[in-house]
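Notes follow once the structure below has been shown.
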Amino acid sequence: MRPQLKVKQANGVQRRDAMEILKEYAPLIGSSQQTAGDPGTTSLLDIGCGSGDVLVDYVLPVLCRGSASGAPGKVMATDVSEQMVRYARESYKHLETVSFERLDIGAKMDAPTLAQYGQFSHVTSFYCLHWVQNQFNAFSNIYNLLKPGGDCLLVFLANNPIFDIYNQLSRSPKWTKYMYDVEKYISPYQYCENPAGEIEDLLCTVGFEHYQIQVRDKLYVYEGLDNLKRAVLAVNPFSERMPLDLQDKFLVDYIAVVRQMYLSKECNNENECNLQFISPYKLVIVYAKK
């Protein structure tokens, strides 16, 4: 199986949500193609691009439809992981207008660092910001990386059962030494009663005046045990710390917790491939304009 196909199978929920939300918000993004003082050109910064497939398959087509020139003038895709940047750079080396760079959006960025990246007409981010513990730095950086009149579309998790599973497994003597910093990998809004209120405070504090915030209840069903395992491996930050022989055992314990949490449904007791694993979650969608 080709690596790109494996990636797309593993991040099915991200791809589905990105496709739906971009379709919904395309009219807003399309109406904001030109920025103040910079008519006729558009540019894009994508934060947390990962393998690059969501950007290339969904984000760029939306911006290309709305651009008078047929394509954004500058596209920079970024990720905190140097490994993911290298992977995306190699996978999409044929796209000459897209550059892949490392960026830690949660780090404090001074004026010279901001100048190094420049400013953009649009900032997008899908399934990244819930990994960032310093939310103030992230939103402040996004604001500063936008041109006047530019806009951002940010999609991230408020809460998800995966974070509760991490918490539970981290307390096991078997896994605690590999998950000693588990709190770094849990959404800052996992146990927040009013995530929209907290995010609104952040947006106002960093300077945004025009914005919309939605928190939606969503559901994703993983069909079959193999699909769930692929998805877990794709986002599990602890696997690389474990010996190979323990990674499979971690998956076994992970699935056991899933069953304990009543997140699995037996469709056919004779074939585990027909199991369904249900993941309810809350998704935050922020659209803001500078």
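Out of curiosity, is ASP226 touching a helix residue (DSSP H, G or I) at 6+ places or on another chain (Cβ under 9 Å), more than 30 Å from LYS23 (Cα to Cα) and open to solvent by 20 Å² or more (accessible area, probe 1.4 Å)?
Considered against the rule, which asks whether it is touching a helix residue (DSSP H, G or I) at 6+ places or on another chain (Cβ under 9 Å), more than 30 Å from LYS23 (Cα to Cα) and open to solvent by 20 Å² or more (accessible area, probe 1.4 Å), ASP226 comes out as no.
Applying the condition of being open to solvent by 60 Å² or more (accessible area, probe 1.4 Å) and more than 23 Å from the chain's Cα centre (by Cα) to the range 272-290 and asking which residue is modelled with the highest pLDDT yields ASN274. With the requirement that a residue be of a type in the set (A, V, I, L, M, F, W, C) and surrounded by fewer than 18 Cβ atoms within 10 Å (Cβ to Cβ), what does the range 191-200 give you? If the condition is that a residue be of a type in the set (A, V, I, L, M, F, W, C) and surrounded by fewer than 18 Cβ atoms within 10 Å (Cβ to Cβ), then CYS192, ALA196 are the ones that fit. Every listed requirement among (1) free of Cβ contacts under 8 Å to residues at least 60 places away in the same chain; (2) assigned to a loop (DSSP other than H, G, I, E, B); (3) open to solvent by 60 Å² or more (accessible area, probe 1.4 Å) is met by PRO188 save one, (3). Of everything in the range 234-264, what is open to solvent by less than 50 Å² (accessible area, probe 1.4 Å) and in a loop (DSSP other than H, G, I, E, B)? Give them in sequence order. Selection gives ASN236, PRO237, PHE238, MET242, LEU263.
For the range 112-161, the set of residues classified as over 14 Å from the mean Cα position of the chain (by Cα), open to solvent by 10 Å² or more (accessible area, probe 1.4 Å) and among the β-branched types (Val, Ile, Thr) consists of THR113 only. Given the structure, is SER140 touching a residue at least 60 places away in the same chain (Cβ under 8 Å), under 22 Å from VAL59 (Cα atoms) and polar (S, T, N, Q)? So SER140 fails the test.
The single condition from (1) under 30 Å from VAL232 (Cα atoms); (2) assigned to a helix (DSSP H, G or I); (3) open to solvent by less than 20 Å² (accessible area, probe 1.4 Å); (4) touching a strand residue (DSSP E or B) at 6+ places or on another chain (Cβ under 8 Å) that LEU203 fails is (1).
At least 2 residues that are farther than 16 Å from ILE29 by Cβ and aliphatic (A, V, I, L, M) in each: list the strands (runs of 3 or more DSSP E) lying fully within the range 53-149 that qualify.
Per the criteria, 74-79.
Exactly one residue among ALA158, ALA196, ALA231 is assigned to a strand (DSSP E or B) and small (Gly, Ala, Ser), and that residue is ALA158.
The values are calculated or read from the model by the stated rules, or taken from the named source; none is laboratory data. Since the structure is predicted, the reported quantities are computational estimates derived from the model, not experimental observations. All Cβ positions, even for glycine, are placed from backbone atoms using ideal geometry, and neighbour counts span all protein chains on display. Please note that ligands, DNA and RNA were not included when accessible areas were found on the heavy atoms of the full protein model with its side chains. Shrake-Rupley method; radii C 1.70, N 1.55, O 1.52, S 1.80 Å.
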